[in-house]
Amino acid sequence: MTKLLFLGCNFDQIPYLKVAKSNGYYVVGTDINKNAPGIRYLDKYYPVGYEDIDDLIDLGEKERFSSADKVFTAASHFAYVGASAFAKRFNIRFLSPRAVDICLDKTKLYRLFKEQNLEVPKWTLVENQNKLGKISKKYKVFYLKSDYGKSPNYCYRVENNKIPKLPRKHDCWFRKYFIAQKEIAGNHFRVNWLNGELICFFKISDAIALPFPFIDLNKKTYKSINNLISKLGLQSHLIKFDIIYYNNKYYFIDIGLEPPMRLRLYLKHLGYNFEKIYFEHIVENKINYPQFFELPKNLIIKNGTVKKI
């Protein structure tokens, strides 16, 4: 029986755990929370955190993982740190630790965007609180973001020189710097990229989005995205981009690795088993997503609920 390392056993991961079991895997799961609800679906449980690389490797050796086995996570971005390191150690097909680190480290990601000729809003490093006064005069309206991960707790919009007090202690989201990034006032899109096919949502706000039939990326931008994905080795993954369209340019804000929330809500509303489709895509390299250009667009996603417009 093929073994599967499954990182994260919270409520949101249970549907994926059920798919893993129904597909016949021997599921070895990890969660630092010994009371995580998904533990009861596991064949073997280890109380190991997402970034506890040494302990993950130890359990892999105890369970005799090999290149014939699999790795999966549908948890936070940090779960990909452990999953990628584990996969590299046991020669399992998965994202590389380097690719995961670049996706999480904004300074590396923004520089890579520029190297691949993808526009990024102007940004600068903030080494200390004293630098913010000069930045506020330069950018007028800007965002302050921590340098690592995707934590909404460390993202501030600054206007009229109303500068927040930044934390002094470093943690997993704040490693070295904050980043000041100029605000771009354009149309925001969440673009899911699957084997060159675009699955788009127009973001009215963080809570409201519309399925969008088409976003007209020019050939140069399309090629640059393909080059970026190839450079990071993400061809077999479902990638999410946050893009702003303004003044005939596309500005790239972020990249995401975890299962796409809006796409999941959209497909589940239409009767598709998203968890099964996504799990089999990531673990078994099966592409069973529906033809998106044929799906209805007269829907709105609002506060986690899908309704007709």
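The values are calculated or read from the model by the stated rules, or taken from the named source; none is laboratory data. Since we're looking at a predicted model, the values are computed, not measured. We place every Cβ from the backbone using ideal geometry, glycine too, and count neighbours over all the protein chains shown.
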Note to self: Would you confirm whether or not region 101-111 contains a residue that is in the same structural domain as LEU17 (by TED's automatic domain parsing) and free of Cβ contacts under 8 Å to residues at least 24 places away in the same chain?
What the structure shows: no
For LEU210, are the conditions met, namely being closer than 30 Å to PHE292 by Cβ and of a type in the set (A, V, I, L, M, F, W, C)? yes
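Okay, residues lined up against (1) in contact (Cβ under 8 Å) with a residue 60 or more places away in the chain; (2) more than 24 Å from PRO15 (Cα to Cα); (3) not hydrophobic (A, V, I, L, M, F, W, C):
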{"position": "GLY29", "(1), (2), (3)": "no, no, yes"}
{"position": "PRO37", "(1), (2), (3)": "no, no, yes"}
{"position": "ARG40", "(1), (2), (3)": "no, no, yes"}
{"position": "ASP43", "(1), (2), (3)": "no, no, yes"}
{"position": "VAL48", "(1), (2), (3)": "no, no, no"}
{"position": "GLU51", "(1), (2), (3)": "yes, no, yes"}
{"position": "ASP58", "(1), (2), (3)": "no, yes, yes"}
{"position": "GLU61", "(1), (2), (3)": "no, yes, yes"}
Condition set without any contact (Cβ under 8 Å) to a residue 40 or more places away in the chain and in a strand (DSSP E or B), scope region 147-179, selection surrounded by the fewest Cβ atoms within 10 Å (Cβ to Cβ): answer is ARG157
Expected single match for in contact with a Ser or Thr (Cβ under 6 Å, 6 or more places away or on another chain) and either surrounded by 16 or more Cβ atoms within 10 Å (Cβ to Cβ) or not assigned by TED's automatic domain parsing to the domain that holds GLU61 (or both) among GLN129, GLN116 is GLN116
Those residues of region 98-143 which are outside any helix (DSSP H, G or I) and under 14 Å from ILE253 (Cβ atoms) amount to LEU118, GLU119, VAL120, PRO121, LYS122, TRP123, PHE142, TYR143
Going by what's in this entry, would GLY8 be described as at positive phi, within 24 Å of the chain's Cα centre (by Cα) and crowded, with 16+ Cβ neighbours inside 10 Å? yes
- prompt: Is it the case that PHE94 is within 24 Å of the chain's Cα centre (by Cα) and within 19 Å of ILE32 (Cα to Cα)?
  reply: no
